[in-house]
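Since the structure comes first, as structure tokens, the remarks are kept for the end.
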Amino acid sequence: MNLKMGIDSYKPGWEIVLKQIGVSFDQFSLSDKISPDKYSVLIITEPHTSKENKVIDEFLNAGGAVLYSDNSILDRISYKTRKVRFLCSEENTPFSQVGLVDIYSTIRIARSNNIKTIDSKLNILSADYGTNLILPFNINELILNCNSRRKKFYANRKELPSEIVAEVSKGKLRKIVEKSLEYLHHKRDLPFVHLWHQPHIDKNLFIFRLDTDFCSKKDAGEMYKICESNNISATWFLDTDSNDRLNNYALMKNQEMAIHCDKHYVYDNLEDNYNNILKAEQKIKKCGIKANGFAAPFGDWNYSLDKAMQKMELKYSSEFTLDYDDLPFYSYYNNEFSKILQIPIHPISMGRLRRSHFSENEMLQYYIDLINEKLKFGEPVIIYHHPHHKHFDIFDKIFQFVNSKNFGNMSMNEFNKWWEERYKLEPEFQYVDNRLSVKFDSENVCIKISITDGFTISQEKNIQIDKIMLKPHFKTIIKHDVKRIRKFHLRDLLYNHESRRSREYFSKD
Ligand SMILES: [Zn+2]
């Protein structure tokens, strides 16, 4: 039995999500009968002819499982469309962990007597023939969406922090797809197996990013001291506008240096973006610094910026207006994948907390809550700071907390290199008589095996499934007041005005 997903047509948004999850997948043909041993789940994204639909039905009748999404239900079941800003998952469903997901798009809700609800709030349904799920979203379009907007983030206090970030919560949609595939495997009594998304088998990943805009030599020194004393290798994105301090960064040990900008601005054309990065690179080169990575001013991203980074032969970048709180991916635009690996971070910095009037204790608590939540779900923690904003004591405490928990620290480039290795793998998972055999060419990547009763992360290539030591599945309690993060406040307009003014200031020569 092949533990493999088949998809009906080539879709870059789906490729991004399936590579992030790390499942085995390829495109299948509906011209012939498909055995349920060949694919564990078929993903249907398009309407099909009645002959092709018969092949899908036969696959379902023979015990296969199907995930319907995007435009697939159009030819089969009547539906209604609804414009939604966001949805919020229901308690005690396979999707509870997802929480609030921003959509800002039209969803399609299937309507028929023969349909049962799996998550009534997310509108995830199942038709009563065979093992299947129907998603109301166009996953492909939503994953490729490049719009951004101001969003508030949850905290245990009244006034919430906000930032201009990617409009669609792509990380949450990826989670919905992962949970759907896991649910369908378990319904078939099969293990759900995929490449693990963290480098360490037993540790969570912690990455710390620094943007050096307006940073004095003294502030940089203080920040470095705290990184050093806590054994944290940070990645410093250098603002090269002030030449006199660059030599200082070259002297730091066990820290990665990368490019933020020369002029603190993202242009809307290739030439200006290229020249800006080139100028920054020439300045750091003089100090003996070689950069592999880039993080754009204001977290802004556009196609011409991506082109400029490719022309500069950079390896990775990190822009939260493209994506945040998600796993790395190669962006897709104008019919091509970028060669630059996008590494999403958590976009709320100390500066944003300060602007929303957080006290020092509340700032620390915000990050402790965030780290605990990511730790609970086995997700990498990637946070950032401007040393210019100081708050060194809080970071000292955050690092001490990280070191007291089960974390492994990497620089952004180390994670980029590891992800690149993972990305190239084309794993095969065979499951016969309770035995899983795993085939892919790397000793540095683990797998996650999930069965109904729990899961494990493993490095083995040959595993007796009923002998594995299981950890319990992640359990979530949905925050009852999470919807308040999408309630409009007049302050949002003020912050938008400030952001515009700040960009305008830097756009001038
Ligand atoms: Zn900046």
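Each value in this text was obtained by applying a stated rule to the coordinates, not by laboratory testing. Quick caveat, the model's predicted, so the values are computed rather than measured. Ideal geometry is used to build each Cβ from the backbone, glycine not excepted, and the neighbour counts take in all protein chains shown.
Per-structure values
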item: Highest to lowest packing among 348-356, 292-300, 46-54, 217-225, scored as the average C-beta count within 10 Å; result: 292-300, 348-356, 217-225, 46-54
item: For the stretch 409-462 and the stretch 76-96, distance of Cα centres in Å; result: 31 Å
item: Protection-proxy order for peptides 162-169, 197-204, 108-115, 260-267, each taking the mean of Cβ atoms within 10 Å per residue, highest first; result: 162-169, 260-267, 197-204, 108-115
item: Calculated diffusion of the stretch 1-75, Stokes-Einstein form, Kirkwood radius summed over Cα pairs, 10 °C and 1.306 mPa s, µm²/s; result: 127 µm²/s
item: Using a Förster distance of 35 Å, the FRET efficiency for Asp268-Asn114 (Cβ separation, nearest 0.05); result: 0.10
item: Two-site label geometry, Asn254 and Lys290: point separation in nm, points 7 Å out along Cα→Cβ; result: 2.3 nm
item: Separation of the Asp393 and Lys467 label points, Cα + 7 Å toward Cβ, nm; result: 5.5 nm
item: Among the listed pairs Lys175/Lys311; Lys283/Lys424; Lys121/Lys152; Lys54/Lys339, those beyond 30 Å (Cα-Cα); result: Lys175/Lys311; Lys283/Lys424; Lys54/Lys339
item: Theoretical FRET efficiency, 1/(1+(r/R0)^6), r = Cβ-Cβ of Lys218 and Arg484, R0 35 Å, to 0.05; result: 0.30
item: Reachable aspartates and glutamates from Lys187, criterion Cα separation under 18 angstrom, eight or more residues apart if same chain; result: Asp37, Asp57, Glu58, Asp119, Asp128, Glu178, Asp433, Asp453, Asp466
item: Spacing of the two label points (7 Å from each Cα toward its C-beta) at Asp433 and Asp57, in nm; result: 3.7 nm
item: Prolate/oblate/rounded call for the chain, Cα gyration tensor, a/c under 1.5 rounded; result: prolate
item: Sequence-distant lysines (8 or more away, or on other chains) whose Cα lies within less than 18 Å of Lys158; result: Lys479, Lys483, Lys487
item: Backbone HN-Hα couplings from phi across the stretch 244-259 [Karplus 6.51/-1.76/1.60, Hz, Gly and Pro as x]; result: 5, 9, 5, 4, 4, 5, 5, 7, 6, 9, 6, 10, 8, 10, 9, 9
item: Protection proxy ranking of 363-373, 63-73, 314-324 - average other beta-carbon atoms within 10 Å, highest first; result: 314-324, 63-73, 363-373
